[in-house]
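First the structure, in the form of structure tokens, and then the observations on it.
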Amino acid sequence: MINRFLIPVVVFALLTVVLAIGIVHSPDKGIIPSPLIGKPAPPFSLPSLTDATRTVSSGALRGRWYLLNVWGSWCGTCREEHGMLLQVRQSGLVPLIGLDWKDDDAQALGYLQQGGNPYQEIAADRTGRVAIDWGVYAAPESFLVNPEGIVVYKCMGELTPEIWQKEILPRLTKAQASTS
Amino acid sequence: MSHARILRGCLIALAGFLACARAYAIDPTQMPTPELQARYEGLTHELRCVQCQDEAISDSPAGIASDLRGEVRDMLLAGKSDQDVRNFMLARYGDFVLFRPRFVLKNAWLWLAPWTLLAVGGLVAWRVVRKRAELVAADNEPLPDDGSP
């Protein structure tokens with residue numbers, strides 16, 4: 001007779017464990033894992049924001065590390081992230097390539113004049129077509145691309161000093177250690 | 001005022017709202033043929049908006065949803081198949097964008113769990129019913145004649 005009561009109790013306990021694992025491991029709802037990680041960076045060729053005669057293309061970026069930062073002068077979190085980007089530029093560890101997403105050129109240039117320009121080059125994605133290829137859905141987003149042109153890491157949202165220390169720096173230094 | 005007049009007034013107002021609904025819809029896209037329109041609406045209803053994640057891109061006012069609707073429209077106009085459109089979104093935004101998940105290894109439990117639970121439940125129910133039937137059958141057996149009147 002004992003198992004009549006034991007069975008529901010055991011089933012309930014199992015269910016509790018399963019649900020607890022689900023809750024603990026449920027990903028942050030705001031962050032969609034990028035299917036691009038480990039895959040070649042989507043190719044692009046866009047006019048430069050700062051020099052209308054130049055184009056910024058993924059082909060020209062091959063052979064070196066870069067951090068593609070998706071931003072816009074309309075984006076509030078980008079403003080908060082700006083100081084960190086300037087520090088990255090100052091560190092000289094990885095070139096920042098800006099993807100100015102669905103922005104007004106004049107406003108974007110004004111934004112950089114006011115806050116300083118952390119980017120080595122800026123591609124102006126006025127229609128947002130290239131951003132779709134990169135799976136962008138909310139600025140800011142940052143993609144770390146290796147010299148072979150493979151996306152190795154994506155930072156969704158603000159690039160914080162913690163993310164820089166924990167996620168980006170180790171990947172850069174590990175790669176440098178293995179080549180030297 | 002009679003009930004018929006009130007009812008008529010309500011119906012006229014309702015007809016007015018319905019007529020306006022189209023004009024205020026989030027997505028006013030019109031495809032050139034009814035077939036394309038049907039496919040377009042089907043796809044935009046089954047693709048999830050990546051920004052406001054509980055909506056389909058057909059219902060979302062987010063900028064990215066409107067951009068993705070534009071992609072769907074352009075791909076259909078270019079003669080791409082529905083599966084081409086789904087694969088395009090999948091390659092960029094992952095399984096997350098599909099409100100109708102694919103049947104792949106990491107999603108398999110999603111599809112199989114309900115059937116497994118149904119089978120287990122069915123088995124339990126069948127056993128319980130059979131056991132009870134046996135009890136009833138045992139109950140119906142004539143009592144041994146103990147000689148009482």
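Things worth noting here:
- The single residue among A:Asp100, A:Asp105 that is away from chain B (no Cβ under 14 Å) and closer than 16 Å to A:Phe143 by Cα turns out to be A:Asp100.
- Just one residue in the set A:Glu141, A:Glu148 is more than 17 Å from the chain's Cα centre (by Cα) and within 18 Å of A:Gly38 (Cα to Cα); that residue is A:Glu148.
Quick grid of which residues meet (1) at pLDDT 95 or above; (2) in a loop (DSSP other than H, G, I, E, B); (3) crowded, with 18+ Cβ neighbours inside 10 Å:
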{"position": "B:Val50", "(1), (2), (3)": "no, yes, yes"}
{"position": "B:Ile64", "(1), (2), (3)": "no, no, yes"}
{"position": "B:Leu68", "(1), (2), (3)": "yes, no, yes"}
{"position": "B:Asp74", "(1), (2), (3)": "yes, no, no"}
{"position": "B:Phe88", "(1), (2), (3)": "yes, no, yes"}
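- Complete set of residues in the stretch B:112-128 that are open to solvent by less than 100 Å² (accessible area, probe 1.4 Å) and closer than 17 Å to A:Val18 by Cα: B:Leu112, B:Ala113, B:Pro114, B:Thr116
- Those residues of the stretch A:93-120 which are within 29 Å of B:Val72 (Cα to Cα), of a type in the set (A, V, I, L, M, F, W, C) and open to solvent by 10 Å² or more (accessible area, probe 1.4 Å), in sequence order: A:Trp101
- On the stretch given as the stretch B:26-48, residues that are open to solvent by 40 Å² or more (accessible area, probe 1.4 Å) and either over 21 Å from A:Ala131 (Cβ atoms) or in a loop (DSSP other than H, G, I, E, B) (or both) total 11.
- Members of the stretch A:121-148 that are farther than 21 Å from B:Val85 by Cα and open to solvent by less than 10 Å² (accessible area, probe 1.4 Å): A:Ile122, A:Ala123, A:Ala124, A:Asp125, A:Pro140, A:Glu141, A:Ser142, A:Phe143, A:Leu144, A:Val145
- Those residues of the stretch B:90-110 which are hydrophobic (A, V, I, L, M, F, W, C) and either at pLDDT below 90 or open to solvent by less than 80 Å² (accessible area, probe 1.4 Å) (or both), in sequence order: B:Leu90, B:Ala91, B:Phe96, B:Val97, B:Leu98, B:Phe103, B:Val104, B:Leu105, B:Ala108, B:Trp109, B:Leu110
The values are calculated or read from the model by the stated rules, or taken from the named source; none is laboratory data. Model, not experiment: these values are computed from the prediction. Note that each Cβ is placed from the backbone with ideal geometry, even for glycine, and that neighbours are counted across all protein chains shown. Ligands, DNA and RNA are excluded from the accessible area calculation, which covers all protein heavy atoms including side chains. Shrake-Rupley method; radii C 1.70, N 1.55, O 1.52, S 1.80 Å.
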